[in-house]
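The values are calculated or read from the model by the stated rules, or taken from the named source; none is laboratory data. This one's a predicted model, so the numbers in the text were calculated from it and none came from an experiment. In this analysis, Cβ positions are derived from the backbone assuming ideal geometry, glycine residues included, and neighbour counts consider all displayed protein chains.
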Amino acid sequence: MTAPNRRLFVTGTIAAAAAAGAAGNAGVANAAAPKATGTGSNAVVVDPSDPRYEDLAVRGSNKRFSTRPEAFHLATTTDQVVRAVQRAVRDGKHIAVRSGGHCYENFVGDPSVRQVVDLAGMNTVRWDAARSAFEVGAGARLADVYRTLYYGWGVTIPGGASATVAAGGHVQGGGYGALSRRHGISSDHLQAVEVVVVDASGRARAVIATRDARDPHRELWWAHTGAGGGNFGVVTRYWFRSPSARGGDPATALPRPPGSVLAASVMFPREGMTKSSFRALVGNHGRWHERNSGPRSPYTGLFSGLVLLGRQAQDDQGLSAIAFTHLDATLPHAEKLLKDHVDALGVGVGVEAYTAPTETLPWLSSVEALATAQDAETGRQKIKSSYLRRSFTDEQIDVLYDVLGSTDHTNETSSVSIQSYGGKVNTVHPAATASAQRDSVMKALFMNTWQNPEHDAANVDWLRRLYAGVYRDTGGVPAPGERSDGCFINFPDIDMADPKWNTSGVPWHTLYYGANYRRLQAVKAVWDPRNVFHHPLSVKAAR
């Protein structure tokens with residue numbers, strides 16, 4: 001086929017799906033507003049009478065939910081957060097905490113939330129010689145983190161691609177991205193975390209918890225290596241240092257990314273894409289990952305995704321799917337590895353696809369290009385996720401073909417993106433961190449976006465039906481089993497706790513946390529005995 005004339009749209013779709021793993025800040029806490037705007041030891045307070053209020057109210061990425069509390073608290077220091085939380089306990093006000101504003105559920109904008117602590121000003125990225133680790137503020141945006149680490153010391157954190165997602169929610173949910181198959185997830189490199197907690201007496205204080213086995217606070221550190229935000233306290237700072245690092249040289253404290261990346265994409269038209277062709281394409285992608293996701297595979301330097309695109313009501317032709325691939329260009333025989341991967345995707349598909357010219361990009365430029373396009377994808381959204389131990393079955397692929405190919409929805413972009421996982425990620429024991437899913441080879445992200453609020457119900461229902469259809473044999477959810485292993489907490493989905501949509505008998509917390517949930521409950525009982533920090537999918541203390 002000829003090159004699509006919708007290239008800019010296509011590029012944005014690829015980037016949005018590829019970088020979607022960056023999002024997911026579900027941090028929630030409780031606090032009370034100071035009586036007046038303050039400085040110094042008190043955060044700046046912005047209420048509805050302030051002209052800055054509207055700008056803060058619309059900063060969230062999911063426009064389905066508005067954030068209109070009594071006030072926003074713009075914190076720049078840990079002490080300011082401690083004071084805000086202390087007043088929360090005193091006054092009984094429900095408060096949410098926001099770093100980048102990328103929560104896909106209404107945990108920050110819920111009407112019960114009366115105060116919002118905004119951590120965007122806590123954006124430090126620096127080398128802390130005393131800890132021999134990199135300090136990153138909870139409000140630091142990923143693009144700034146990558147740029148500072150790379151230009152300053154030639155290192156990085158293996159996380160997602162976004163200019164606006166902040167470290168606060170991304171890391172504690174176990175953020176992942178293009179380097180995770182080689183270096184693990186973001187929280188695998190977490191050395192320490194600073195958390196504002198509240199004890200049984202109602203006293204707020206800041207605690208630094210580390211991975212040191214001798215640290216009496218170590219369980220609090222462990223809980224922040226994959227349990228998501230809004231459970232135990234307010235994270236204000238992280239320190240990163242790889243477990244394998246030795247010595248005090250910052251240039252060896254974190255992974256070094258490849259100097260350059262090979263970027264390839266293949267676009268499959270809707271015309272001629274039969275159900276049989278679709279089965280071949282999706283199955284090829286899944287089976288390739290089953291074969292090539294071991295920690296010693298030459299393909300740990302590869303990150304790919306197959307983006308299955310929904311048909312729009314006004315678009316009878318267009319594209320059915322896009323395959324994108326990033327591969328470490330410094331690998332021996334990198335071009336051949338890439339070609340073999342791309343060729344494997346097309347076996348038996350029988351559709352004339354458009355293969356874009358392969359590009360060689362500097363590593364940081366490739367990340368920034370994805371981030372720029374990803375952050376342009378905004379609107380009213382619904383998203384779901386799943387971990388895949390094996391490829392989708394033919395029956396599941398048929399559901400994807402039928403529902404994505406339908407026109408009974410009004411969203412502007414809809415997709416299912418099946419992305420690379422595994423590799424180094426799967427060398428970590430499920431109990432070593434709070435990220436329990438350690439034997440999956442792919443993640444699937446189900447997402448749609450639209451603009452008109454009148455279409456909310458129809459579009460949410462459409463994505464629910466798609467997801468329930470794919471997992472109809474396991475109760476409408478990716479129940480842990482031979483092929484699936486639950487969901488990704490950085491994409492919180494309240495449907496997992498709704499018996500209407502989850503009929504599997506597997507509780508929502510098992511889908512997100514697996515066998516680690518009981519241990520998380522114990523952490524909750526110790527560090528948040530008053531349940532100050534909560535939301536609809538937060539950890540509940542054991543009774």
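The listed residues are Gly248, Gly305, Gly272, Gly286, and the only one of them that is in contact with a helix residue (DSSP H, G or I) (Cβ under 6 Å, 6 or more places away or on another chain), touching a residue at least 40 places away in the same chain (Cβ under 8 Å) and among the small types (Gly, Ala, Ser) turns out to be Gly305. Among residues of segment 322-362 being farther than 15 Å from Ser420 by Cα and of a type in the set (Asp, Glu), the one that is surrounded by the most Cβ atoms within 10 Å (Cβ to Cβ) is Glu359. Contact map, segment 43-61: residues that are in the same structural domain as His102 (by TED's automatic domain parsing) paired with residues that are polar (S, T, N, Q) and assigned to a helix (DSSP H, G or I), Cβ distance under 7 Å, separation 6+ or inter-chain. Pairs shown: Ala43/Gln80. For segment 44-73, the candidate set comprises residues that are among the hydroxyl-bearing types (Ser, Thr, Tyr) and surrounded by 14 or more Cβ atoms within 10 Å (Cβ to Cβ); within that set, the residue that is farthest from Pro453 (Cα to Cα) is Tyr53.
With respect to the conditions (1) surrounded by 19 or more Cβ atoms within 10 Å (Cβ to Cβ); (2) among the basic types (Lys, Arg); (3) part of a helix (DSSP H, G or I), Arg287 lacks only one, and its number is (1).
Going by the structure shown, is Ala369 surrounded by fewer than 19 Cβ atoms within 10 Å (Cβ to Cβ) and either in a strand (DSSP E or B) or within 21 Å of the chain's Cα centre (by Cα) (or both)?
Details: surrounded by fewer than 19 Cβ atoms within 10 Å (Cβ to Cβ): yes; either in a strand (DSSP E or B) or within 21 Å of the chain's Cα centre (by Cα) (or both): yes.
So Ala369 fits the description; yes.
I'd like to check which helices (runs of 4 or more DSSP H) are fully inside segment 435-543 and have at least 1 residues that are among the basic types (Lys, Arg) and touching a residue at least 40 places away in the same chain (Cβ under 8 Å).
Details: elements: 456-470, 508-513, 517-527.
Fully inside segment 435-543 and qualifying: 456-470, 517-527.
Among the residues of segment 399-417, those that are in contact with a helix residue (DSSP H, G or I) (Cβ under 6 Å, 6 or more places away or on another chain), of a type outside the set (S, T, N, Q) and over 20 Å from His455 (Cβ atoms) comprise Val399, Tyr401. When Trp527 is tested against (1) in contact with a strand residue (DSSP E or B) (Cβ under 8 Å, 6 or more places away or on another chain); (2) over 20 Å from Ala209 (Cβ atoms); (3) modelled with pLDDT of 95 or more, exactly one condition is not met: (2).
Looking at Gly109, Gly101, Gly60, which is the one that is among the small types (Gly, Ala, Ser) and on the phi > 0 side of the Ramachandran plot? Break it down stepwise before answering.
Values: Gly109 fails: on the phi > 0 side of the Ramachandran plot; Gly60 fails: on the phi > 0 side of the Ramachandran plot.
Testing whether each residue is among the small types (Gly, Ala, Ser) and on the phi > 0 side of the Ramachandran plot leaves just Gly101.
Does segment 412-420 contain at least one residue that is assigned to a loop (DSSP other than H, G, I, E, B) and among the acidic types (Asp, Glu)? Walk me through it before giving the result.
From segment 412-420, those assigned to a loop (DSSP other than H, G, I, E, B) are 412; that's our starting set.
If we keep only those that are among the acidic types (Asp, Glu) too, we end up with 412.
The answer is yes; a qualifying residue exists.
Looking only at residues of segment 125-147 that are outside any strand (DSSP E or B) and over 21 Å from the mean Cα position of the chain (by Cα), we find that the one that is surrounded by the fewest Cβ atoms within 10 Å (Cβ to Cβ) is Ala130.
Every condition in (1) touching a helix residue (DSSP H, G or I) at 6+ places or on another chain (Cβ under 9 Å); (2) of a type in the set (Lys, Arg); (3) not assigned by TED's automatic domain parsing to the domain that holds Val470 is met by Arg218 except one, and the failing one is (1). You will find that of Asp408, Asp473, Asp394, Asp398, the residue that is modelled with pLDDT under 95 and of a type in the set (D, E, K, R) is Asp408 and no other.
Every listed requirement among (1) out of contact with any Ser or Thr (no Cβ under 9 Å at 6 or more places or on another chain); (2) in a helix (DSSP H, G or I); (3) of a type in the set (Phe, Trp, Tyr) is met by Phe392 save one, (2). Take Ala213 and tell me if it is touching a Phe, Trp or Tyr at 6+ places or on another chain (Cβ under 7 Å) and either in a loop (DSSP other than H, G, I, E, B) or modelled with pLDDT under 95 (or both). No. Against the numbered list (1) within 29 Å of Ser186 (Cβ to Cβ); (2) assigned by TED's automatic domain parsing to the domain that holds Ser406, Pro529 comes up short only at (2).
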